[in-house]
Amino acid sequence: MTGEPQAGFRWQRFGWIVAGIVLVVLFLRLFSAILLPFVAAAGIAYFLDPAVSALNRLGLPRSLGAIIMLLAMIAGVGLCALLLYPLISAQISLLAQQLPGMIAGLQQFTTHQISLIQARFGSGFVSNKLQSLVSNEAGAIVNFAGSAARQVLGTGFALFNILTLLVITPIVAFYFLRDWPLVMGRLDSWLPRSYESVIRNLAREISRILNAWLRGQAICCLFLGVFYALTLTIAGLNLGLVVGLTAGLLSFIPYVGTIVGAVSSIVLALGQFSGLDHVLIVGGIFVVGQLLNDYVVAPRFLGDRLGLSSVWVIFALFAGAETFGFLGVLLAVPVTATLGVLARFWLRHYLQSPLYLDPPRHGA
């Protein structure tokens, strides 16, 4: 008799969990266009909360500590932007001046390579359409891409989203930081009493993984950005600073930043330099940078304690981007970390359960 109510309670609990997941996904679907500043603010608050809590323990009111940390973060970002703006602006101006010559050089290089391929494999090995595209249409494609990018970036909706993100995010982050202990205390009071210790342990494990991954990945991105920017600039690549910093920023998706940066730098090097020596140097820079990150920096600051496989991180980031856009990119790692902790928790219980441990029944 007692088994039926317990089974009914389990199914009811499972139904509530499924309903909660469906409501969260539906909520994200409906409001994904306006949630970006709030999710970004929550991430900033999560990152700055330890520092604000430390100031609070020193006797500083939490509101004042939140303002100080936010202003420090804004000042740091603004200072970096002011320091890098003249260099980036000068490189972009130089690229705009040299772009026609780079396109001509790239066309000449590609045409020469096609001629060598035809001389070795026959005149019909490369189609006439490809030759026409290389010789006549490359400049038009570049001009079209530039005008399309200017049109997209210049639309009022894009500017509105950027301004909203810059204005609303710090305000919401302040309220999150100020009320963080109250929110955590309220959530803790809602935990079911019979499972509160289990849920707290799982939450601490998720928080540990997120902290380690975010801080370690930030250090790796910073290292790669500085390394690529310095080495590409020393190698003489005109847009080396911009490409290097962009590659470092995109490196929060494992290997994507290096691949994008390498392809962009090689294309720029083919248009800028006449020989292949500089192209090989540029390619070698990205190989060395990725090897240093994989075997020196990442093991030191990330290690094997995260429980987040690079394959799953890449899949989660692309799945989040496909489903919810940039909002999905921000939510991908926290969701993956949560699912990983829950999966390992379930696996431990399964390996200790009668379903796994009981011997097979013979003659049943």
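The values are calculated or read from the model by the stated rules, or taken from the named source; none is laboratory data. Since the structure is predicted, the reported quantities are computational estimates derived from the model, not experimental observations. Note that we place each Cβ from the backbone using ideal geometry, even for glycine, and neighbour counts take in every protein chain shown. To get the accessible areas, we keep the full protein, side chains included, count just its heavy atoms, and leave off ligands, DNA and RNA. Shrake-Rupley method; radii C 1.70, N 1.55, O 1.52, S 1.80 Å.
This table checks each residue for (1) open to solvent by less than 80 Å² (accessible area, probe 1.4 Å); (2) closer than 30 Å to residue 168 by Cα; (3) at pLDDT below 70.
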site: 75; (1), (2), (3): yes, yes, no
site: 82; (1), (2), (3): no, yes, no
site: 87; (1), (2), (3): no, yes, no
site: 91; (1), (2), (3): yes, no, no
site: 99; (1), (2), (3): yes, no, yes
site: 115; (1), (2), (3): yes, no, no
site: 121; (1), (2), (3): no, no, yes
site: 124; (1), (2), (3): yes, no, yes
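Which one of these does residue 56 not meet: (1) within 23 Å of residue 265 (Cβ to Cβ); (2) in contact with a Gly (Cβ under 8 Å, 6 or more places away or on another chain); (3) of a type outside the set (Val, Ile, Thr)?
Result: residue 56 passes all but (1).
Looking at region 218-267, which of its residues are at pLDDT below 85 and either under 21 Å from residue 312 (Cβ atoms) or of a type in the set (A, V, I, L, M) (or both)? Break it down stepwise before answering.
Within region 218-267, the subset at pLDDT below 85 is 238-239, 252-256, 267.
Matches in region 218-267: 239, 252, 253, 254, 255, 256, 267.
Please go through region 179-197 and pick out each residue that is open to solvent by 90 Å² or more (accessible area, probe 1.4 Å) and assigned to a helix (DSSP H, G or I).
182, 186, listed by residue number.
Of the residues in region 198-217, how many are surrounded by 14 or more Cβ atoms within 10 Å (Cβ to Cβ), among the aliphatic types (A, V, I, L, M) and either at pLDDT 85 or above or farther than 20 Å from residue 339 by Cα (or both)?
3
Looking at region 163-188, I want the residues that are touching a residue at least 24 places away in the same chain (Cβ under 8 Å) and within 16 Å of residue 62 (Cα to Cα) and have a partner that is surrounded by fewer than 18 Cβ atoms within 10 Å (Cβ to Cβ) and among the polar types (S, T, N, Q) with Cβ atoms under 6 Å, at least 6 apart or on another chain. Which pairs are those?
These pairs meet every condition: 178/63.
Taking the condition closer than 30 Å to residue 337 by Cβ and open to solvent by 40 Å² or more (accessible area, probe 1.4 Å), does residue 230 pass?
So residue 230 fails the test.
Consider residue 333 carefully, then state whether it is over 19 Å from residue 230 (Cα atoms), exposed (fewer than 14 other Cβ atoms within 10 Å of the Cβ) and under 17 Å from the mean Cα position of the chain (by Cα).
Here the answer is no, as residue 333 does not meet what is asked.
Under 8 Å between Cβ atoms, which residue pairs at least 6 apart in sequence (or on different chains) link something in region 62-75 that is on the phi < 0 side of the Ramachandran plot with a partner that is part of a helix (DSSP H, G or I) and basic (Lys, Arg)?
Filtered contacts from region 62-75: 62/178; 63/178; 66/178.
Condition first: out of contact with any Pro (no Cβ under 9 Å at 6 or more places or on another chain), at positive phi and touching a residue at least 24 places away in the same chain (Cβ under 8 Å). Can you find one or more residues in region 260-277 that meet it? Let's see the steps before the verdict.
Applying the first criterion (out of contact with any Pro (no Cβ under 9 Å at 6 or more places or on another chain)) to region 260-277 yields 260-277.
Next cut, at positive phi only: none.
No, every residue in region 260-277 fails to be out of contact with any Pro (no Cβ under 9 Å at 6 or more places or on another chain), at positive phi and touching a residue at least 24 places away in the same chain (Cβ under 8 Å).
Go through region 232-250 and report how many residues are part of a helix (DSSP H, G or I) and either acidic (Asp, Glu) or more than 20 Å from residue 298 (Cα to Cα) (or both). Steps first, answer last, please.
Going through region 232-250, the residues part of a helix (DSSP H, G or I) turn out to be 232-234, 240-250.
Now drop any that are not either acidic (Asp, Glu) or more than 20 Å from residue 298 (Cα to Cα) (or both), which leaves 232-234, 240-243.
Count: 7.
Looking for whichever is over 20 Å from residue 42 (Cβ atoms) and free of Cβ contacts under 8 Å to residues at least 40 places away in the same chain here; the options are 289, 240, 248. Which one fits?
Selected residue: 248, the only one of 289, 240, 248 that is over 20 Å from residue 42 (Cβ atoms) and free of Cβ contacts under 8 Å to residues at least 40 places away in the same chain.
Run residue 253 past the list (1) among the aliphatic types (A, V, I, L, M); (2) in a helix (DSSP H, G or I); (3) open to solvent by 20 Å² or more (accessible area, probe 1.4 Å) and report the number of the one that doesn't hold.
Residue 253 satisfies every listed condition except (2).
Within region 27-46, is there a residue that is at pLDDT below 80 and of a type in the set (Ser, Thr, Tyr)?
Yes, because at least one residue in region 27-46 is at pLDDT below 80 and of a type in the set (Ser, Thr, Tyr).
If I go through region 329-352 residue by residue, how many of them are without any contact (Cβ under 8 Å) to a residue 40 or more places away in the chain and part of a helix (DSSP H, G or I)?
Of all residues in region 329-352, those without any contact (Cβ under 8 Å) to a residue 40 or more places away in the chain come to 329, 332, 335-336, 339, 343-344, 346-352.
After this cut, where a residue has to be part of a helix (DSSP H, G or I) as well, the list is 329, 332, 335-336, 339, 343-344, 346-351.
Here the count works out to 13.
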